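Novice: This is the structure, below, for whatever I ask next.
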Amino acid sequence: MTENASEGTKHLPMSDENIYIEQRQKKAEEIRKKGGSPYPQNIRPTHTAGEILAECGNLKGPELEKLQKTFAVAGRLLFLRSFGKAAFLKVADYTGKIQIYIEKQIVGEEQFELFKSLDVGDFVWVSGTLFRTKTDELTIKATQIKLAAKSIRPLPEKWHGLQDIETRYRQRYVDLIVTPEVRETFVKRSKALQIIREFFCARNYLEVETPMMHPIPGGAAAKPFVTHHNKLDMQLYLRIAPELYLKRLVVGGLERVFEVGRNFRNEGISTQHNPEFTMLEFYQAYATYEDLMKLTEELLGELAMRITGETAVEYQGEKIQFKAPFARYTMHEAVKKFAKTDAETDPAKLSPVKLVEIFEEKVESQLIQPTFITQFPTEVSPLARKNDAHPEFADRFELFICGREIANGFNELNDPKDQAERFKAQVEALHKGNEEAMHFDEDYVRALEVGLPPTAGEGIGIDRLVMLLTNSASIRDVILFPQLKTKEGS
RNA sequence: GAGGCGCUAGCUCAGCUGGUAGAGCAUUUCCCUUUUAAGGAAAGGGUCCCGGGUUCGAGCCCCGGGCGCCUCACCA
């Protein structure tokens with residue numbers, strides 16, 4: 001704490017005080033006056049709500065009575081219905097909720113008084129035996145109850161919960177308490193990451209971590225965040241992609257690597273974009289982009305199956321089929337098929353840049369089911385290997401689902417001379433004012449000179465993938481703390 | 001960056017043509033020993049996002065600003 005801590009604790013800002021907070025603070029003070037603590041230690045549950053349900057969820061009333069076993073749970077008090085000398089409570093821990101029944105005659109005067117000072121939102125510890133209520137709900141009949149941690153602020157209303165989207169993002173801790181779907185979404189996100197790690201580890205990939213602070217931003221076309229290291233007195237960029245570092249590792253003999261981590265791009269914010277987002281990148285020596293397309297089909301199929309229980313996933317009213325094989329078109333074919341072309345926009349006659357332009361404008365939004373688009377112009381693929389037969393195109397693909405780019409992969413350019421030329425072209429574009437063009441990375445070219453085996457690599461946007469798997473309309477719904485502007489006074 | 005919409009009690013929301021600021025939940029007090037949005041009785045609770053303006057009078061109209069959401073543009 002700062003030296004001013006004692007000064008700061010004298011009183012809370014008046015604007016933040018309301019009757020609810022005052023009342024609860026008063027209760028906490030009462031406990032202190034009596035020699036107790038509103039924030040005690042050594043609160044030990046014997047069971048979680050989930051364990052109790054698993055162990056006794058099938059037992060009937062008489063069987064529960066015979067059990068003669070005491071269960072102690074701890075969790076947040078989320079519901080309270082009092083009848084004067086008895087009450088029902090619902091306590092939630094990380095596994096679920098369990099109902100508590102408390103009766104003055106059973107717990108005694110002192111414990112019942114303690115119970116009456118509890119508020120919804122408090123953490124509590126309860127022990128007792130199990131029984132079933134008239135409506136057959138598995139319930140703990142409390143014999144002992146303790147306050148485990150006092151909550152000073154009231155929670156949102158039980159029925160409607162927290163509706164204000166801004167507050168949900170700013171106070172995600174409250175959102176997580178009162179909006180069960182939010183919790184489910186982030187459990188699924190965690191599970192997806194776990195599956196991804198298992199998937200690559202099972203294929204002998206090594207998980208690695210490369211720098212997030214780059215002296216030269218590289219690996220993607222994007223505007224970086226700039227920062228500064230004081231002692232080194234050098235400008236650094238938050239990484240826009242880990243690509244160039246991961247390929248250095250393949251040069252170093254780590255033939256199969258993957259990294260899951262944050263990228264930072266200093267661009268607009270939308271339902272599809274957060275300034276920091278999570279990217280999976282993986283590289284495999286002696287693989288081709290075609291191998292990676294197959295691998296991607298496998299990965300996505302497995303994710304869909306293990307997260308949603310089926311390969312067809314409902315997303316915003318569309319049924320997305322994650323079963324292999326996914327549709328495949330070259331960019332030419334896709335423009336021909338999905339964009340209305342005339343003599344002027346005949347793909348065969350278009351400049352590469354124009355082709356990509358039409359593709360992005362007319363075709364992308366139509367690619368709802370998982371679709372691989374291959375053969376991107378070399379000009380827009382400065383790190384990808386040229387196709388041997390048609391050097392104006394790169395051996396590259398992107399995967400589109402619901403009109404959004406989900407993955408991008410290609411055969412890696414491992415010819416140092418070619419790479420140096422491509423960097424030069426990028427630097428020229430940079431000088432011409434293209435803020436997203438790449439810088440010349442001499443050390444990366446040196447690494448290629450040491451020798452990169454034939455390699456294919458791919459990046460998958462994890463946030464967008466999780467959006468699909470959790471039927472989330474906005475990227476903010478799959479990021480725990482999405483970037484928001486700070487509000488005055490907060 | 002542009003346009004549209006929103007911001008009223010702790011929460012969810014009403015608030016008409018400009019005329020004393022409303023409800024439900026929650027809170028406080030009282031009654032209530034099996035509830036499932038429990039029930040009954042009463043009470044308290046407001047910087048109507050902020051700042052100007054118009055008006056006898058503004059939550060409402062006008063101007064400026066803040067924050068958010070959506071669409072578009074840039075991007076993954």
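The values are calculated or read from the model by the stated rules, or taken from the named source; none is laboratory data. None of these values were measured; they are calculated from a predicted model. For neighbour counting, all protein chains shown are included, and Cβ atoms are generated from backbone atoms with ideal geometry for every residue, glycine included. Note: accessible area is taken over every heavy atom of the protein model, side chains too, but ligands, DNA and RNA are not part of it. Shrake-Rupley method; radii C 1.70, N 1.55, O 1.52, S 1.80 Å.
Novice: Note down the accessible area of A:Lys386, probe 1.4 Å, to the nearest 10 Å².
Specialist: Here the residue's solvent-accessible area equals roughly 70 Å².
Novice: Please give the net charge around A:Ser151, taking every other residue with its beta carbon less than 12 angstrom from that of A:Ser151, where Lys and Arg add +1 and Asp and Glu add -1.
Specialist: Numbers: positive: A:Arg24, A:Lys27, A:Arg76, A:Lys150, A:Arg153; negative: A:Asp119, A:Asp122.
My count for the surroundings of A:Ser151 gives +3.
Novice: Using alpha-carbon pairs under 8 Å, 6+ residues apart, how would you state the relative contact order of chain A in percent? Could the numbers behind the result be given before it?
Specialist: Working: 877 pairs, mean separation 56.4, N = 490.
In percent, rounded to a whole number, it is 12.
Novice: Using r as the Cβ-Cβ distance of A:Arg153 and A:Glu267, and R0 as 45 Å, what FRET efficiency do you calculate, to the nearest 0.05? Provide the component values of the computation, followed by the final result.
Specialist: Values: r = 36 Å, r/R0 = 0.79.
According to the calculation, E is roughly 0.80.
Novice: Relative to a virtual label point 7 Å from the Cα of A:Thr135 in the Cα→beta-carbon direction, which members of the stretch A:61-82 show backbone nitrogen distances below 14 Å?
Specialist: A:79-82
Novice: Then there's this: Taking square-rooted eigenvalues a ≥ b ≥ c of the alpha carbon gyration tensor, is the stretch A:184-292 rounded, prolate or oblate, where a/c under 1.5 means rounded and, failing that, a/b exceeding b/c means prolate?
Specialist: Since a/c reaches 1.5 but b/c is at least a/b, the shape of the stretch A:184-292 is classed as oblate.
Novice: Taking N as the number of residues in the stretch A:15-155, what is its alpha-carbon radius of gyration divided by 2.2 N^0.38 Å? Numbers along the way, then the final one.
Specialist: Values: Rg = 15.4 Å, N = 141, 2.2 N^0.38 = 14.4 Å.
It is 1.07.
Novice: How high is the FRET efficiency from A:Phe79 to A:Lys340, r the C-beta distance, R0 56 Å, rounded to 0.05?
Specialist: 0.45
Novice: A:His273: accessible area at probe 1.4 Å, nearest 10 Å²?
Specialist: Result for A:His273: roughly 90 Å² accessible.
Novice: Identify the residues of the stretch A:386-403 with backbone N under 16 Å of a label point that sits 7 angstrom from the Cα of A:Gln316 along the Cα-to-Cβ direction, or state none.
Specialist: Output list for this probe position: A:400-403.
Novice: Within the stretch A:363-384, find all residues whose amide N lies under 20 Å from a label point positioned 7 Å from the Cα of A:Arg328 along Cα-to-beta-carbon.
Specialist: Hits in the stretch A:363-384 for A:Arg328 at 20 Å: A:364, A:367-378, A:384.
Novice: How many nm separate the modelled label positions at A:Glu435 and A:Ala389, each set 7 Å beyond the Cα in the direction of the Cβ?
Specialist: Placing both labels 7 Å beyond Cα along the Cβ direction yields 4.2 nm.
Novice: Round to the nearest 10 and give me the degree value, 0 to 90, for the angle of helix A:442-451's Cα axis relative to the longest principal axis of chain A.
Specialist: 80
Novice: Within the set of other residues whose C-beta is less than 15 Å from the C-beta of A:Asp291, count the net charge using Lys and Arg as +1 and Asp and Glu as -1. Walk me through the numbers before you get to the answer.
Specialist: Working: positive: A:Arg203, A:Arg256, A:Lys294, A:Arg328, A:Arg385, A:Arg396; negative: A:Glu255, A:Glu290, A:Glu297, A:Glu298, A:Asp395, A:Glu412, A:Glu458.
Cβ neighbours under 15 Å give a net charge of -1.
Novice: Quick one: length gained pulling A:Ser365 to A:Glu113 fully straight, 0.36 nm per residue minus the C-alpha distance? Could the numbers behind the result be given before it?
Specialist: Numbers: separation 252, 0.36 × 252 = 90.72 nm, distance 6.23 nm.
Stretched fully, the A:Ser365-A:Glu113 segment lengthens by 84.5 nm.
Novice: Scan the stretch A:165-221 for trypsin sites (Lys or Arg not before Pro) in coil per DSSP, keeping those whose Cβ has at most 14 other Cβ atoms within 10 Å, and list them by number.
Specialist: On the way: sites: A:Arg168, A:Arg170, A:Arg172, A:Arg183, A:Lys188, A:Arg189, A:Lys191, A:Arg197, A:Arg203; in loops: A:Arg203.
Taking the stretch A:165-221 and a limit of 14 other Cβ atoms within 10 Å, the loop trypsin sites (Lys or Arg not before Pro) found are A:Arg203.
Novice: Can you give the angle from 0 to 90° between the axis of helix A:19-33 and the longest principal axis of chain A, with both taken from C-alpha atoms, to the nearest 10?
Specialist: It works out to around 60 degrees.
Novice: Right, something else. Please give me, ordered by residue number, the trypsin sites (Lys or Arg not before Pro) of the stretch A:400-476 that lie in loop per DSSP and have at most 13 other Cβ atoms within 10 Å.
Specialist: On the way: sites: A:Arg404, A:Lys417, A:Arg422, A:Lys424, A:Lys432, A:Arg446, A:Arg464, A:Arg476; in loops: A:Lys432.
Taking the stretch A:400-476 and a limit of 13 other Cβ atoms within 10 Å, the loop trypsin sites (Lys or Arg not before Pro) found are A:Lys432.
Novice: Further question on the same structure: If I compute solvent accessible area with a 1.4 Å probe over the protein chains, what percent of it on chain A is carbon and sulfur?
Specialist: Values: 13500 of 26400 Å².
Summing carbon and sulfur atoms, their accessible area is 51 percent of the total for chain A.
Novice: Mind checking the per residue accessible area of chain A for me, 1.4 Å probe, whole number of Å²? Could the numbers behind the result be given before it?
Specialist: Working: 26400 Å² over 490 residues.
In whole numbers, chain A has 54 Å² accessible per residue.
Novice: Continuing with the same structure: Find out how many positive minus negative residues lie around A:Ile269, taking Lys and Arg as positive, Asp and Glu as negative, among other residues whose Cβ is under 10 Å from that of A:Ile269.
Specialist: Values: positive: A:Arg476, A:Lys485; negative: A:Glu267.
Once all neighbours under 10 Å are counted, the net charge is +1.
Novice: For a Förster distance of 35 Å, can you work out the FRET efficiency between the beta-carbons of A:Glu103 and A:Lys487, rounded to the nearest 0.05?
Specialist: Working: r = 46 Å, r/R0 = 1.32.
E between A:Glu103 and A:Lys487, to the nearest 0.05, is 0.15.
Novice: Let me ask something additional. Which of the chymotrypsin sites (Phe, Trp or Tyr not before Pro) found in the stretch A:34-85 are in a DSSP loop and have at most 11 neighbouring Cβ atoms, other than their own, within 10 Å? Before the final figure, lay out each step's value.
Specialist: Numbers: sites: A:Phe71, A:Phe79, A:Phe83; in loops: A:Phe83.
Sites meeting the loop and neighbour criteria: A:Phe83.
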